[in-house]
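Undergrad: Supplied in structure tokens, the structure appears directly below.
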Amino acid sequence: MFPISSQQINQNFYTNTYSPYTPQYSGVYGLPSYTVVDDSQNSPEQAVKTLGLAALLQVISSGLEKGSEFLSNKISAGKEFTTGENVVKVARDMVGKNNLDVTVGFVDEANKNLFSSRFGLGKEIDAVAKGENAFFANKLKLAVAPKSKPSLILHELGHAINAKKGFTRLLQGTRRYAGYAPMALLLANGLIPNNRQNGKKNFIERNAGILGFCAFLPTIIEEAIASGRGIKAAKKVLNNPAGLKILKKNYALALGTYILAGIGLGVAAKQSFIYNGKE
Ligand SMILES: [Zn+2]
């Protein structure tokens with residue numbers, strides 16, 4: 001495995017972690033509370049319609065959460081596409097070719113304390129040791145995968161390469177703000193002068209859902225590029241291995257959790273307009 005070099009511990013760890021592996025939907029952004037349904041300006045028919053849409057969005061929202069959980073379980077149960085030694089070979093190639101200044105670690109119960117003390121990590125490294133997570137932390141210059149699921153490291157190194165290139169670094173940077181989209185849209189909507197003067201919904205009100213999804217789109221694209229880099233390196237270094245299909249499938253499932261998260265953000269944006277009486 002890779003030697004652990006000493007790296008700076010940074011408190012901003014959470015803002016730069018990329019996890020393909022846990023349900024992305026939960027805890028990424030807070031849903032607006034369900035208490036305020038202001039239909040004072042609406043007719044009874046409109047109120048019923050609004051409540052119907054609110055209920056529907058709620059159902060979609062919990063469906064997305066279940067779907068994300070399902071995909072995560074599929075990833076957990078997924079096979080490894082090649083041996084750990086081969087994964088290390090590919091990882092070394094990615095690090096070397098791209099001049100990555102990144103500590104690469106394969107974590108299990110036996111060595112996890114090494115990472116917690118060196119990088120100031122707590123439960124996030126526990127999850128990796130248990131095989132439930134993998135991440136790249138740009139501030140720590142650290143990429144880790146479970147020893148039991150080493151192939152996840154190739155995706156994380158894809159993130160490390162992305163962090164070095166202008167366009168993909170830009171995509172990465174949007175991640176921490178995406179969750180604020182529903183709030184930002186409400187705010188922007190409030191700033192539009194003469195809002196709804198002619199009784200018609202404005203652009204933001206009509207398209208809150210798709211705009212919310214768009215806020216997450218850069219993240220989805222960056223995730224796909226990170227996986228693409230891992231797959232490409234595995235294909236080249238291991239000379240088109242038979243198990244490449246398995247790797248592609250595992251990474252597709254991981255991307256699925258991000259797509260669901262994006263739809264979830266769209267739903268949350270739409271909901272925020274309903275609860276604020278803008279629907
Ligand atoms: Zn990722």
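Each value in this text was obtained by applying a stated rule to the coordinates, not by laboratory testing. All of these numbers come straight from a predicted model, not from anything done at the bench. Neighbour counts run over all protein chains shown; Cβ positions are idealised from the backbone, glycine included.
Undergrad: Just the residues that are buried (at least 16 other Cβ atoms within 10 Å of the Cβ) and in a helix (DSSP H, G or I), please, taken from the stretch 90-107.
TA: Listed by number, the residues that qualify are 90, 91, 93, 94, 95.
Undergrad: Can you say whether residue 226 is in contact with a His (Cβ under 7 Å, 6 or more places away or on another chain) and crowded, with 22+ Cβ neighbours inside 10 Å, as far as the supplied structure shows?
TA: yes
Undergrad: Right, something else. Could you tell me which residue of the stretch 113-141 is surrounded by the most Cβ atoms within 10 Å (Cβ to Cβ), considering only residues that are within 15 Å of the ligand (Cβ to nearest atom) and under 17 Å from residue 165 (Cα atoms)?
TA: 136
Undergrad: List the pairs whose first member sits in the stretch 256-275 and is within 15 Å of residue 50 (Cβ to Cβ), whose second member is buried (at least 24 other Cβ atoms within 10 Å of the Cβ) and not basic (Lys, Arg), and whose Cβ atoms are under 6 Å apart, counting only residues at least 6 apart or on separate chains?
TA: Here the result reads 270/208; 272/182; 273/208, each pair linking the stretch 256-275 to a residue that is buried (at least 24 other Cβ atoms within 10 Å of the Cβ) and not basic (Lys, Arg).
Undergrad: Report, ordered by the first and then the second residue, all pairs with beta carbons closer than 8 Å, sequence separation of six or more or different chains, a first member in the stretch 132-155 that is within 20 Å of residue 85 (Cα to Cα) and of a type in the set (Lys, Arg), and a second member that is assigned to a strand (DSSP E or B) and more than 11 Å from the ligand (Cβ to nearest atom).
TA: Taking only residues 6 or more apart or on different chains, the pairs are 147/106; 147/107.
Undergrad: Quick one: residue 110 ticks every box in (1) among the hydrophobic types (A, V, I, L, M, F, W, C); (2) in a loop (DSSP other than H, G, I, E, B); (3) surrounded by 18 or more Cβ atoms within 10 Å (Cβ to Cβ) bar one, so which box is it?
TA: Checking residue 110 against (1) among the hydrophobic types (A, V, I, L, M, F, W, C); (2) in a loop (DSSP other than H, G, I, E, B); (3) surrounded by 18 or more Cβ atoms within 10 Å (Cβ to Cβ), the one that fails is (3).
Undergrad: Can I ask one more? Can you pull out the helices (runs of 4 or more DSSP H) entirely within the stretch 160-279 that have at least 3 residues that are more than 16 Å from the ligand (Cβ to nearest atom), more than 19 Å from the chain's Cα centre (by Cα) and of a type in the set (Gly, Ala, Ser)?
TA: By residue number, 181-191.
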